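Some notes on the structure that comes next.
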Protein chains: 2
Amino acid sequence: MVLKLYDFLPSGNDYKVRLVLTQLEIPFERVNIDITKGESRTPEFLQKNPNGRVPVLEFEDGRCLPESNAIMFYLTEETELLPSDRFRRAQVLQWLFFEQYSHEPYIATSRYIVSILGNPPEYEAVLAEKKEKGYAALNVMEHHLSDRPFFVGDRYTIADISLYAYTHVAHEGDFDLSNFPSIQAWLQRVQSQPRHIPITQR
Amino acid sequence: MVLKLYDFLPSGNDYKVRLVLTQLEIPFERVNIDITKGESRTPEFLQKNPNGRVPVLEFEDGRCLPESNAIMFYLTEETELLPSDRFRRAQVLQWLFFEQYSHEPYIATSRYIVSILGNPPEYEAVLAEKKEKGYAALNVMEHHLSDRPFFVGDRYTIADISLYAYTHVAHEGDFDLSNFPSIQAWLQRVQSQPRHIPITQR
């Protein structure tokens, strides 16, 4: 089966899927979608995801699966990246939903405004609000990681991959991680996993 | 096992869990947490969920699980509310993440501002932006439901429960559903499921 990943290279959401596919050694083909040029809103792309967002994973038979965290869950069922214990699996989901609701809308979008859109001045007030809520999310992570090596069950799972994706580039959205020693140590642990790749690697 | 649900009665996120527990006929005890009075940010509550949000499901042994959609997934594994097929299960997750990222932040929070906070004038600009993005989410739902009875696999699942929770009270945030006939028919189908309860029922 040849998997096709519709993917914008700087996107952390897309990177999550690229990293999982690479760590599981699953071959895939990348199709670049430049979201800054509207390529995720064309009629053709909206057939694949009516919500107009990357990433989308396309199977050989044409079925399409959007939403980075749903794709990761699909790819890692019955692998070591997703616990087989029911409660631990729910805890992984807890952090995936935390990531999409309480983390990504502040930390990822700040990076998008600052580093991808080039920090246009009209976003100043928006960025200030995102900063406050982004630091709140980082505080929750720092607290949780203060006495554990990974987010769930003392093992590297997709909860770590999901939160790593935008946390390790948070400085590109002007977040300062120097007061978050547990997060910094955890970033190092994630980076030292076998077959780790950097965000811009295809 | 006695389950304890920390729950704010008007909250759609909390209602999701109450509805699942009721439909699966799982007994539980409700603990009311009034989020408008800061009761989800007390030191005691932050022990249960450091992110300071309801709902939280507490087990008899003291373990706690936050995040409505993660709780629903946990409760419905190996029930008819969650498909056993791996791809369909991933599609359910796709819609749960859609709900938390593209729907709830606009439709639920508009209702919170309009009907729970009493529509204070300083939120006017915020509400206008939420309206645009909320209608975008409703359009994605209307399109998807135009040729299917439920969100995934032609069956009632937690994807429907998740999206029903705030869609059926969208008018309380000043959304008008009259131009969404497929959504309206789907709301009726959800309401006609066995053991359905309204949002304010304990």
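The figures follow:
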read-out: Subset of the range B:105-126 [touching a Phe, Trp or Tyr at 6+ places or on another chain (Cβ under 6 Å) and either within 13 Å of another protein chain (Cβ to nearest Cβ) or at positive phi (or both)]; value: B:Ala108
read-out: Filtered residues of the range A:11-29 (kept if more than 15 Å from B:Tyr101 (Cβ to Cβ) and modelled with pLDDT under 95); value: none
read-out: Qualifying residues in the range A:188-202 (those that are under 16 Å from the mean Cα position of the chain (by Cα) and not in a helix (DSSP H, G or I)) - the one farthest from A:Gly12 (Cα to Cα); value: A:His196
read-out: Candidates B:Ala125, B:Ala185, B:Ala136 - the one that is of a type outside the set (Ser, Thr, Tyr), assigned to a helix (DSSP H, G or I) and touching a Leu at 6+ places or on another chain (Cβ under 9 Å); value: B:Ala185
read-out: Subset of the range B:146-160 (residues that are within 14 Å of another protein chain (Cβ to nearest Cβ) and touching a residue at least 12 places away in the same chain (Cβ under 8 Å)); value: B:Ser146, B:Phe151, B:Val152, B:Gly153, B:Thr157, B:Ile158, B:Ala159
read-out: A:Phe59 aromatic (Phe, Trp, Tyr) and more than 18 Å from the chain's Cα centre (by Cα); value: yes
read-out: Given (1) more than 13 Å from every other protein chain (Cβ to nearest Cβ); (2) farther than 23 Å from B:Ala90 by Cα, index of the condition A:Leu81 fails; value: (2)
read-out: Scope the range B:114-132; condition closer than 25 Å to A:Asn51 by Cα, touching a residue at least 40 places away in the same chain (Cβ under 8 Å) and not basic (Lys, Arg); matching residues; value: B:Leu127
read-out: Answer residue from the range A:63-78, given it is over 18 Å from the mean Cα position of the chain (by Cα) and charged (D, E, K, R) and is nearest to the other protein chains (Cβ to nearest Cβ) among those; value: A:Arg63
read-out: Qualifying residue in the range A:188-198 (condition: under 22 Å from A:Arg86 (Cα atoms) and either hydrophobic (A, V, I, L, M, F, W, C) or modelled with pLDDT under 95 (or both)); value: no
read-out: Residue within the range A:161-171 that is outside any helix (DSSP H, G or I), among the aliphatic types (A, V, I, L, M) and modelled with pLDDT of 95 or more present; value: yes
read-out: Selection status of B:Arg89, without any contact (Cβ under 8 Å) to a residue 40 or more places away in the chain and closer than 23 Å to A:Gly153 by Cβ; value: yes
read-out: Helices (runs of 4 or more DSSP H) fully within the range B:1-120 counting 3 or more residues that are closer than 30 Å to A:Phe59 by Cα; value: B:68-76, B:86-98
read-out: Criterion violated by B:His143 - all others in (1) surrounded by fewer than 16 Cβ atoms within 10 Å (Cβ to Cβ); (2) more than 8 Å from chain A (Cβ to nearest Cβ); (3) outside any loop (DSSP other than H, G, I, E, B) satisfied; value: (2)
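Conditions (1) surrounded by 18 or more Cβ atoms within 10 Å (Cβ to Cβ); (2) modelled with pLDDT under 95; (3) closer than 25 Å to A:Asp160 by Cβ, marked per residue:
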residue: A:Met1; (1), (2), (3): no, yes, no
residue: A:Tyr6; (1), (2), (3): yes, no, yes
residue: A:Leu46; (1), (2), (3): no, no, no
residue: A:Val56; (1), (2), (3): yes, no, yes
residue: A:Glu77; (1), (2), (3): no, no, yes
residue: A:Asp85; (1), (2), (3): no, no, yes
residue: A:Leu93; (1), (2), (3): yes, no, yes
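The values are calculated or read from the model by the stated rules, or taken from the named source; none is laboratory data. Quantities reported herein were computed from a predicted structural model and do not represent experimental measurements. Counting neighbours? That spans all protein chains shown, and the Cβs are built from the backbone with ideal geometry, glycine included.
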